[in-house]
1. Name the residue that is farthest from Phe196 (Cα to Cα), counting only residues in segment 104-149 that are among the polar types (S, T, N, Q) and open to solvent by 10 Å² or more (accessible area, probe 1.4 Å).
2. Whether any residue in segment 131-138 is free of Cβ contacts under 8 Å to residues at least 40 places away in the same chain, more than 24 Å from Glu217 (Cα to Cα) and hydroxyl-bearing (Ser, Thr, Tyr) is what I want to check.
3. Got a sec? Which of Ala339, Ala352 is in contact (Cβ under 8 Å) with a residue 60 or more places away in the chain, among the aliphatic types (A, V, I, L, M) and surrounded by fewer than 24 Cβ atoms within 10 Å (Cβ to Cβ)?
4. Which of the numbered conditions does Ile263 fail, given that it passes all the others? Conditions: (1) more than 30 Å from Val345 (Cα to Cα); (2) open to solvent by 20 Å² or more (accessible area, probe 1.4 Å); (3) not in a strand (DSSP E or B).
5. Just need a number here: residues in segment 235-273 that are in contact with a Phe, Trp or Tyr (Cβ under 7 Å, 6 or more places away or on another chain) and either among the basic types (Lys, Arg) or over 19 Å from Pro214 (Cα atoms) (or both).
6. Of all residues in segment 301-332, count the ones that are in a loop (DSSP other than H, G, I, E, B) and open to solvent by less than 10 Å² (accessible area, probe 1.4 Å).
7. Would you check which residues across segment 355-379 are modelled with pLDDT under 90 and open to solvent by 40 Å² or more (accessible area, probe 1.4 Å) and list them?
8. Select from segment 150-161 the residues that are open to solvent by 20 Å² or more (accessible area, probe 1.4 Å) and in a loop (DSSP other than H, G, I, E, B) and write down the one among them that is nearest to Arg43 (Cα to Cα).
Amino acid sequence: MQQEGAAEDIVIVGAGFAGLATALGLHRKGVRSLVLESSPALRAAGFAFTAWKNAFRALDALGVGDKIRKQHLQAQALRVMSPSTGEIAQELDLTLQGKGGSNEIRCVRRDLLLQALEEELPAGTIRYSSKIVSIQEERDAKILHLADGSIIRAKVLIGCDGINSVVAKWLGLAKPSYTGRWAARGLGHFPDGHGFEPKFLQFIGRGFRSGMRPCNETDIYWFFTWTPSDDDEDVAESATKMKQFVLANLTALKVPPEALAVIERSEMSDVVTVPLRFRPPLSLITASISRGNVCVAGDALHPMTPDLGQGGCAALEDGVVLARCLGKAILDDGGRGGAENERIVEGLCEYAGIRRWRSIELVATAYVVGFIQQSNNVIISFLRDKFLSGFLARRLLKMAEYNCGTLLS
């Protein structure tokens, strides 16, 4: 028996980077979509993210790159500080020419990027306070049951609903694994200007990894990852405890006072703590990234540790590739012919093929880099400080050389 409900051609679950990038990419191609967001407004969990060159390629493809550039500082260098001496272990010039042209790295505030994407979408594209609780199949349609009791019939369903994705669970993707590590993130506000150089600072070793990233002239994003012990397992209970814990660990090193001031200037509401999880990369080799007229993108596809700074960048790549493949299928740009549903299935399969190995590489590399950088092992610490700091820094740039292409090719 056919269930009644509002009919939509394309439903995207989640108004994060992947969801809004996909919706905007489709809009640029003249294809309408509906984005369902469970929150009552746009969410910007995590405050900021490192946008490497690959992210700006995606943003340029979507037509919002220049808007984001005007709001954020171009990073000039990455300084990796030694935990044993407090001195610079490695300084990497972030303005050097790469294989695909000059490097471009900025620390981008998540709220500003989400707003930029939303502003380019037609009114009514995002439906807030719309949480999916279950998915059913009915011939070629997917029946979406929402928490408010409403029902939507979707011709295409795209899951961009994060690490706890309902759509990924429906597709049978492996449950994300806990790494044994936690991350605290915050934003330091300096209304009169922070005075920092446009350089990224990174402190590694002694069981933790931390960094500072100027976003603009007044905001500095900071992060701190660590492996909890029995002695500090309660620090995540409150922002106050977390701030004191981070300050105590950084003070034990020869961290510059101005870097400590960034933590101290963070308001309680500007500090969040979360466990770090990732999807086992080997599980993605055979995972159903797409099945029929359903697929996943962003953290619903490739949740990873933050050690490469590529999670948000990869979500934007997903959006461009998915919009290109799906838009081409719906509009029949490739002249495939045949029924529309068959073209959609082929288009989503094409997307999955493009993103599968990129996702595996990013998730696996991020996990290994995090293990090496945060390790407190004497031998690994010695090798990291003497030989591996430069290699790891260059690895970050290599991951950013990826080109997702445009909405046309």
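The values are calculated or read from the model by the stated rules, or taken from the named source; none is laboratory data. A quick note: this is a predicted structure, and the numbers were derived from the prediction, not measured. When we count neighbours, we look across all protein chains shown, and the Cβ atoms used for this are built from the backbone with ideal geometry, even at glycine. Keep in mind that these areas ignore ligands, DNA and RNA; they rest on the heavy atoms of the full protein, side chains included. Shrake-Rupley method; radii C 1.70, N 1.55, O 1.52, S 1.80 Å.
1. Just the residues of segment 104-149 that are among the polar types (S, T, N, Q), to begin with: 115, 125, 129-130, 134, 136.
Imposing the further condition that a residue be open to solvent by 10 Å² or more (accessible area, probe 1.4 Å) reduces the set to 115, 125, 129, 134, 136.
Values: Gln115: 26, Thr125: 39, Ser129: 39, Ser134: 48, Gln136: 53 Å.
Looking at residues that are among the polar types (S, T, N, Q) and open to solvent by 10 Å² or more (accessible area, probe 1.4 Å), I get Gln136.
2. Within segment 131-138, one or more residues are free of Cβ contacts under 8 Å to residues at least 40 places away in the same chain, more than 24 Å from Glu217 (Cα to Cα) and hydroxyl-bearing (Ser, Thr, Tyr).
3. Numbers: Ala339 fails: in contact (Cβ under 8 Å) with a residue 60 or more places away in the chain.
After ruling out the rest, the residue left standing is Ala352.
4. Evaluating Ile263 over (1) more than 30 Å from Val345 (Cα to Cα); (2) open to solvent by 20 Å² or more (accessible area, probe 1.4 Å); (3) not in a strand (DSSP E or B) leaves (2) as the failure.
5. Residues that pass the stated criteria total 6.
6. Taking segment 301-332 and keeping what is in a loop (DSSP other than H, G, I, E, B), we get 301-305, 309-310, 332.
Of the ones still in play, those that are also open to solvent by less than 10 Å² (accessible area, probe 1.4 Å) are 301-303, 305, 310.
Total meeting the criteria: 5.
7. Here is the first cut: in segment 355-379, the residues modelled with pLDDT under 90 are 368-379.
Within segment 355-379, Val368, Phe371, Asn376, Asn377, Val378, Ile379 qualify.
8. Residues of segment 150-161 open to solvent by 20 Å² or more (accessible area, probe 1.4 Å): 150-151, 153, 155, 161.
Imposing the further condition that a residue be in a loop (DSSP other than H, G, I, E, B) reduces the set to 150, 161.
Details: Ser150: 23, Asp161: 12 Å.
The selected residue is Asp161.
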